[in-house]
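Shown next, in structure tokens, is the structure this report addresses.
The values are calculated or read from the model by the stated rules, or taken from the named source; none is laboratory data. None of the values given here were measured: they were computed from a predicted structure. So basically every Cβ, Gly included, is an ideal-geometry build from the backbone, and we count neighbours across all protein chains shown. Note: accessible area is taken over every heavy atom of the protein model, side chains too, but ligands, DNA and RNA are not part of it. Shrake-Rupley method; radii C 1.70, N 1.55, O 1.52, S 1.80 Å.
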Amino acid sequence: MGAGLSMDAKLPSWSELLEALLNQENHTPYKYINSANSESISSALGYSSIITGRYASDGYLKDDSRTEDDNKQIFIDRIRNVLYKKKKYKSTLIEAVSKAVRRKKTAQIITYNFDDLLDELLNKKGFYSVSGNMIPRINQIPIYHVHGMISRDNTKPSNSVLSEKDYHALYSNPHNWANVVQLNALYTSTCFFIGFSMTDPNQRRLLELAREKDKDSDQIEKLPHYVFLKKTPLKGEASKEVNEEHWNEMEYMMSDFGLNVIWFNNFDDLPKILNYISGITNDKPKL
């Protein structure tokens, strides 16, 4: 599960979250950053989400007037306040995912999102949130938060992988639990990627590692996983033929990662596609 899942519930996008963590108008430590110059800050950092995340977190964590633990807690609380601005959240996509995983034989859910909106729907149905080095409960299906989790009601342990330093620590250790969980799923399961742009370099690296293993077996001709991608036309005056060639190349590139592409035209179509695939409805959506 990627950021698109949470955005359907009107939670902030990754860039919106980072901008809010930087902007002094949102009571951050950066007194020199406001809505007028936050774009310039992102530009100066190469529009890199993990470098911007490091820039943002440093402002909270380097305050010597408080303990390191207090600084971390203030930063976590700030992320929670940005994530959960509303009291109620409704998402047809999250509801469709919840129904699909309950209906089909789902071994586990792996999410890259901080929020626990999907967890709230599934925790009473035999699923269990896992973050950090927590151990899944026996006879329950884990929901792995591999980049950390910040619960809405603040009743669960909270942590985040947000900055460049966090990513380096996570992905430099192949034995880190989050890496093991992801690679194990890619090696042993059929995975569906929902809410992704498939541009995250760390995710692509893990997919490449898993695909390299297939090259040593008779599985290389098979594409074991699926990704839902929005069919967005190229900007400008690209012809229909040019767009088709572009989408074909996207499919070829995804196949290098072992991914079949399931295209959709509008985000409103995605819940309908999930309902059809999981057998909740027999109405085949038009793609």
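How large is the charge dipole for the range 1-148, taken about the Cα centre, if only the Cβ atoms of Lys, Arg (+1) and Asp, Glu (-1) carry charge, to the nearest 20 debye? Don't jump to the answer; show the numbers that get you there.
On the way: 21 positive and 17 negative charges, 211 e Å.
The dipole magnitude comes to about 1020 debye.
Take the alpha carbon gyration tensor of the range 77-191, find the square roots of its eigenvalues, order them as a ≥ b ≥ c, and report rounded if a/c is under 1.5; if not, report prolate when a/b exceeds b/c, else oblate. Spell out each step's value before the answer.
Values: a/c = 1.78, a/b = 1.04, b/c = 1.71.
Note, shape of the range 77-191 comes out oblate.
Identify which of GLU164, GLU95, GLU244 has the largest mean-square fluctuation in a Gaussian network model of the chain, with springs joining Cα atoms closer than 10 Å.
GLU244
Expressed as a whole percentage, what fraction of the accessible surface of the range 76-142 belongs to carbon and sulfur atoms when a 1.4 Å probe is rolled over the protein heavy atoms? Walk me through the numbers before you get to the answer.
Values: 1900 of 3820 Å².
That fraction is 50 percent.
Dipole size in debye (nearest 20) for the chain around its Cα centre, Lys and Arg Cβ +1, Asp and Glu Cβ -1?
Numbers: 37 positive and 37 negative charges, 258 e Å.
The dipole of the chain has a size of about 1240 debye.
Report Rg (one decimal) and Dmax (nearest whole number) for the range 101-166, counting Cα atoms only, units Å.
So, for the range 101-166, Rg and Dmax equal 11.9, 39 Å respectively.
Using R₀ = 45 Å, calculate the FRET efficiency as 1/(1 + (r/R₀)^6) where r is the Cβ-Cβ separation of TYR32 and ASN184; round to 0.05. Don't jump to the answer; show the numbers that get you there.
On the way: r = 45 Å, r/R0 = 1.00.
In this case the efficiency is close to 0.50.
Please give, to one decimal in nm, the separation of the simple spin-label points placed at THR155 and ALA107, each 7 Å out from Cα toward the Cβ.
3.1
What 222 nm value per residue comes from the helices of the chain, counting each DSSP H run with n ≥ 4 as -39,500 (n - 2.57) and dividing by all residues, nearest 500 deg cm²/dmol? Please report the intermediate quantities before stating the final value.
On the way: 12 runs with 128 residues, N = 287.
Calculated at 222 nm, the ellipticity per residue is -13500 deg cm²/dmol.
Of PRO174, LEU229, ASN159, which is farthest on the positive side of the dipole of the range 139-267, counting Cα position, with +1 on Lys and Arg Cβ, -1 on Asp and Glu Cβ, and the Cα centre as origin?
ASN159
Would you kindly find the accessible area of LYS222, with a 1.4 Å probe and non-protein molecules such as ligands, DNA and RNA excluded, rounding to the nearest 10 Å²?
120
So for MET7, MET134, what's the accessible-area order with a 1.4 Å probe, most first?
Details: MET7 90, MET134 60 Å².
Largest accessible area first, the list is MET7, MET134.
Please report the accessible area of THR188 (heavy atoms, 1.4 Å probe, ligands and nucleic acids excluded) in Å², nearest 10.
90
What size of dipole, in debye to the nearest 20, comes out for the range 174-287 about its Cα centre when the only charges are +1 on Lys and Arg C-beta atoms and -1 on Asp and Glu C-beta atoms?
360
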